[in-house]
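Trainee: My questions will all concern the structure given below.
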Amino acid sequence: MYSSRKICLPLVAILLAAASLAGAAEPGSFGYGRVASPAQIAGWDIDVRGEDGAGLPPGKGTVDRGADVYAEQCAACHGTFGEGEGRFPKLVGGVGSLRDERPELTVGSYWPFAPTLWDYINRAMPMAAPHTLSADDVYALTAYILSLNDLVPHDFVADRNSLPKVKMRNRDNFIWTDPRPDTIAKPCMNACVNAADVRISSTAEGRDLTPRTTGPLDTMQPK
Amino acid sequence: MRPDPLRSKAVLSDLAGPDAPVARRSFLRLGAALTGSLALGSKPAMADPAQESPPADAPWSQSIGAGVVDRPYGRPADTEASVIRRNVPWLTASAESSVSFSPLQDLHGIITPNGLFFERHHAGRPDIDPAQHKLMIHGLVERPLLLTMKDILRFPSISRIHFIECPANGGMNWRAAQMNSLQFSHGMVSCAEWTGVRLSTLLEEVGVKKEAKWAMVEGADGAHMNRSLPLDKCLDDCLVVYAQNGEALRPEQGYPLRLVVPGWEGNVNIKWLRRIKLGDKPWHSREETSKYTDLMPDGTSRGFTWLIDAKSVVTFPCPEKPLDGPGLYEIRGLAWTGNGKVRRVDVSMDGGVNWQTARLHEPVLSKALTKFTLPWRWDGRPALVASRVIDEAGYVQPTIAELRKQRGSNSVYHNNSIQTWQVKSDGSVFNVQLA
């Protein structure tokens, strides 16, 4: 009894180890769900890569056609010329403003890749009925918005070949590796600064920005 | 003499109203929590002898209460009606693409109740039928899969407690102290126990091709919100979750399925998760180029700044919870870091001249909110209360001045600076920044 157990335990351990190794390495070991068919994948696979436009579908659109679609689908929020209504995003302007006190981040001033514009309009716009526009209309809108920003000429035709070639103004100003931590502080405990130098530079008191319309917090306003 | 807030029905109904005086409300809460401390620290107010004598029966002690399943799905007491998420109407163009803030001033632990977890939607909250929801995993994989919710529930399950913070939390205070509120200055962080399946388990099941380096994760909301994630992070500690604090995800948190990317900025924790595609390069989607990138003073921008750096905040006192006269108090706060565990929290009452190390409360978990406290005898003089966290990577929470020196004030995101609360001699509390 004792001896057989002694033999059996290592054997079981080896078998278990082999099973778990197989489980980790072999796709489909659980076997749950269904393998996605090419047709199913085609129906779901909507993404477009910004840098090279991989995933852009067939189709095309002109600036003029884009102006018509824009007037109907976009102008109410983004303004007739992309100037933005209310707090909805501006689509044009801000070129050269990125170092200013109040920079304007738009397709023209900030976006690094043109295919991203096609991808975003296609997946998320118009806001109340996203992903309902045809590929041609999304191409046309992309052409029109690029044209509003003077990034393409008026006779530009947007398609899967032309969009990745559009040179965006801010293309080379992104750093895609995180440089943080960018502050290094030593946790001083005593007399860390001169008490006489401690000065309030900014206070929310009296600024009247904290919402007053959301309940009991109202009465927390400065006395 | 202070009126006893529990004395009569009239006072109680007054308290329940939306315009109840703050001082009394906060006295109620503080009274419950600090009875002992106050008695030690200041002269107790003279009480009505009739109220002192037990039994002090209130009406609810001399009647029968509601039966079980009176509320089949429970809810907070009616008198807690002010403990709610709030938004800032002027901040965004519409409520559908907006944020709401968790009421940190009223929360007592490291777990955010599901109804109070902050919200960030890019195209509103979809109400999804789980019977129709599917997750597709495809791209550079051996065996592309389409999984139903039933399928996902069969995989080995795992539960982990993690915070999620929007990188724009505190963004309104980049230029100056703007919001006189803990809720609005820090409320875009929440923490829950998440239950689901490891993303690595799902990726092993489909078989990752060796060229794969990135994953594109996408939601089923109207924004079809999508982000790129490096494969290493996906295989490290990401979770595909269906439950939050023990129950199904709330619709506003991604029901029926969301991604949790521990320690990384909120928007990569894709809600209503419907698709994961593996590829060899990042996608540079709109939400990682036009948004969620950090504009520096020299005009360059940082992209893929996923990590949430260490951050802490004093949650009591705060603008919503002023002090109620001199005496002994317990300073309370929360700390968190995407680097792992909180190692230490220091608290200053004099604007950073001197610091004392606070007590950390167990459990201290990796990439989770951590509670800290420190007793404080307030002498009634003006004070500048602040906290500073140091995480297990040795990273020290910076001041706003140190952050601005590196990043200017246009970067919107990742403001993890030390928060200073100014306490005035009347006990009122204000959001301030120090030079």
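The values are calculated or read from the model by the stated rules, or taken from the named source; none is laboratory data. From a predicted model like this one, the values you see are computed outputs, not experimental measurements. Note that we place each Cβ from the backbone using ideal geometry, even for glycine, and neighbour counts take in every protein chain shown.
Trainee: Before we move on, is B:Thr195 within 13 Å of another protein chain (Cβ to nearest Cβ) and among the β-branched types (Val, Ile, Thr)?
Mentor: no
Trainee: Taking the conditions exactly as written (in contact with a Phe, Trp or Tyr (Cβ under 6 Å, 6 or more places away or on another chain), under 22 Å from B:Ser102 (Cα atoms) and touching a residue at least 12 places away in the same chain (Cβ under 8 Å)), does B:Ala310 satisfy them or not? Write out each step before concluding.
Mentor: Values: in contact with a Phe, Trp or Tyr (Cβ under 6 Å, 6 or more places away or on another chain): yes; under 22 Å from B:Ser102 (Cα atoms): yes; touching a residue at least 12 places away in the same chain (Cβ under 8 Å): yes.
Answer is yes for this residue.
Trainee: Being assigned to a helix (DSSP H, G or I) and of a type in the set (A, V, I, L, M) is the filter here; which residues of the stretch A:132-145 pass it?
Mentor: If the condition is that a residue be assigned to a helix (DSSP H, G or I) and of a type in the set (A, V, I, L, M), then A:Ala135, A:Val138, A:Ala140, A:Leu141, A:Ala143, A:Ile145 are the ones that fit.
Trainee: Kindly establish whether B:Pro322 is touching a residue at least 40 places away in the same chain (Cβ under 8 Å) and within 11 Å of chain A (Cβ to nearest Cβ).
Mentor: Criteria met by B:Pro322.
Let's see how each residue does on (1) within 14 Å of A:Ile200 (Cα to Cα); (2) of a type in the set (Phe, Trp, Tyr); (3) over 20 Å from the mean Cα position of the chain (by Cα):
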{"position": "B:Ala401", "(1), (2), (3)": "yes, no, yes"}
{"position": "B:Arg407", "(1), (2), (3)": "no, no, yes"}
{"position": "B:Val412", "(1), (2), (3)": "no, no, no"}
{"position": "B:Gln419", "(1), (2), (3)": "yes, no, no"}
{"position": "B:Val432", "(1), (2), (3)": "yes, no, yes"}
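Trainee: Ok, one more. Provide a single number: the residues in the stretch A:44-62 that are more than 20 Å from B:Leu273 (Cα to Cα), in contact with a Pro (Cβ under 7 Å, 6 or more places away or on another chain) and either surrounded by 22 or more Cβ atoms within 10 Å (Cβ to Cβ) or more than 14 Å from every other protein chain (Cβ to nearest Cβ) (or both).
Mentor: Total meeting the criteria: 3.
A quick yes/no check of all residues on (1) more than 30 Å from B:Thr420 (Cβ to Cβ); (2) outside any loop (DSSP other than H, G, I, E, B); (3) in contact with a Ser or Thr (Cβ under 8 Å, 6 or more places away or on another chain); (4) among the aliphatic types (A, V, I, L, M):
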position	(1), (2), (3), (4)
A:Gly108	yes, no, no, no
A:Met127	yes, no, yes, yes
A:Pro130	yes, no, no, no
A:Ser147	yes, yes, no, no
A:Asp150	yes, no, no, no
A:Pro164	yes, yes, no, no
A:Pro187	no, no, no, no
A:Gly206	no, no, no, no
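Trainee: OK, next. Can you give me the number of residues within the stretch B:268-293 that are under 19 Å from B:Arg407 (Cβ atoms) and touching a helix residue (DSSP H, G or I) at 6+ places or on another chain (Cβ under 7 Å)?
Mentor: Count: 2.
Trainee: While we're looking at this one, here's another question. For the stretch B:157-178, which positions are closer than 18 Å to B:Asp309 by Cα and either free of Cβ contacts under 8 Å to residues at least 60 places away in the same chain or polar (S, T, N, Q) (or both)?
Mentor: Residues satisfying the conditions are B:Asn169, B:Asn173.
Trainee: Of the residues A:Arg102, A:Arg87, A:Arg123, which single one is within 14 Å of B:Arg286 (Cα to Cα) and basic (Lys, Arg)?
Mentor: Answer to the check: A:Arg123.
Trainee: Let me confirm something: among B:Trp336, B:Trp355, which residue is more than 26 Å from B:Pro262 (Cα to Cα) and either modelled with pLDDT of 95 or more or among the hydrophobic types (A, V, I, L, M, F, W, C) (or both)?
Mentor: Going through B:Trp336, B:Trp355 in turn, just one is more than 26 Å from B:Pro262 (Cα to Cα) and either modelled with pLDDT of 95 or more or among the hydrophobic types (A, V, I, L, M, F, W, C) (or both): B:Trp355.
Trainee: Only residues that are of a type in the set (D, E, K, R) and within 23 Å of A:Ile121 (Cα to Cα): list them for the stretch B:269-310, please.
Mentor: B:Lys271, B:Arg274, B:Arg275, B:Lys277, B:Lys281, B:Arg286, B:Glu287, B:Glu288, B:Lys291, B:Asp294, listed by residue number.
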